[in-house]
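Student: Okay, here's the structure, questions in a sec.
The values are calculated or read from the model by the stated rules, or taken from the named source; none is laboratory data. Note that the structure is a prediction, hence the values are computed from the model and not measured. With ideal geometry, Cβ positions are generated from the backbone for all residues, glycine too; neighbour counts draw on all protein chains shown.
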Amino acid sequence: MMLDYFTYAAIALLIIIFLTQAVRVLREYERGVIFTLGRFTGVKGPGLIILIPVVQQLVKVDLRVVVQVVPPQDVISRDNVSVKVNAVLYFRIVDPERAIIKVSDYMAATSQLAQTTLRSVLGKHELDEMLAERDRLNADIQETLDKQTDVWGIKVNAVEIKDIDINETMVRAIAKQAEAERLRRAKVINAMGEQQAAEKLVEAGRILAQEPQAMQLRYFAALHDIAGERSSTVVFPLPMNLLDHLTRRSEAT
């Protein structure tokens, strides 16, 4: 009787061990890479998976998007400016088989590849492009990474440059450059205003020259404006034709 009890207990223990080793449950975002006697035999999941203990092994793979911070990298731009750049990398596994078989540690491999790609791509551009054209640089880095990680079954969704740290000397130089640019624009706008004003004055002179009465009206308008001002000094406009008349008389005399 005692022997039967131990027999049943041993059988139950074996069944429990078998079920523990044989039954796997994978979530919706997980896949299982199956190896039978060390050879790849397929990808299964999600849901319930039955394995043959000892004979088959399962490696879980997460298909969700992974967010990885790229550490600050020392980059020398094409115009020989040293900056520190860090970024954020978004990628996911699209082929679990290649992600497990082709590379030993896809997380570390993708991180190292992102660092070297960040330095190599940004090193081909000038500092002004890094500061003003981040979207284009993000797209270039993402495209380069995606081509290289495709053999690993990894899809790079996006790369975002976070910060570009510049030393104090370059910050002051950029500030001076921006100030000079603003002064240049102000001078150009002022010159354009003078040009437009001169063109309008020439046009107004031509119109007034066609009608002598128009000059008299402008003369009366100027007198009205002077009379309306509260000032101890009165500036009296003298018509130019009167000066011409007096000049001719003095010459005749």
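Student: Got a number for residues in segment 149-162 being within 14 Å of residue 102 (Cβ to Cβ) and surrounded by 17 or more Cβ atoms within 10 Å (Cβ to Cβ)?
Tutor: Residues in segment 149-162 being within 14 Å of residue 102 (Cβ to Cβ) and surrounded by 17 or more Cβ atoms within 10 Å (Cβ to Cβ): 4 in total.
Student: Out of all the residues in segment 46-68, is one or more out of contact with any Leu (no Cβ under 6 Å at 6 or more places or on another chain), of a type in the set (A, V, I, L, M, F, W, C) and closer than 16 Å to residue 161 by Cβ?
Tutor: Yes, some residue in segment 46-68 is out of contact with any Leu (no Cβ under 6 Å at 6 or more places or on another chain), of a type in the set (A, V, I, L, M, F, W, C) and closer than 16 Å to residue 161 by Cβ.
Student: Does residue 83 meet the test of being under 28 Å from residue 131 (Cβ atoms), touching a residue at least 24 places away in the same chain (Cβ under 8 Å) and either assigned by TED's automatic domain parsing to the domain that holds residue 152 or not in a helix (DSSP H, G or I) (or both)? Show your work before the answer.
Tutor: Details: under 28 Å from residue 131 (Cβ atoms): yes; touching a residue at least 24 places away in the same chain (Cβ under 8 Å): yes; either assigned by TED's automatic domain parsing to the domain that holds residue 152 or not in a helix (DSSP H, G or I) (or both): yes.
Yes: the conditions hold for residue 83.
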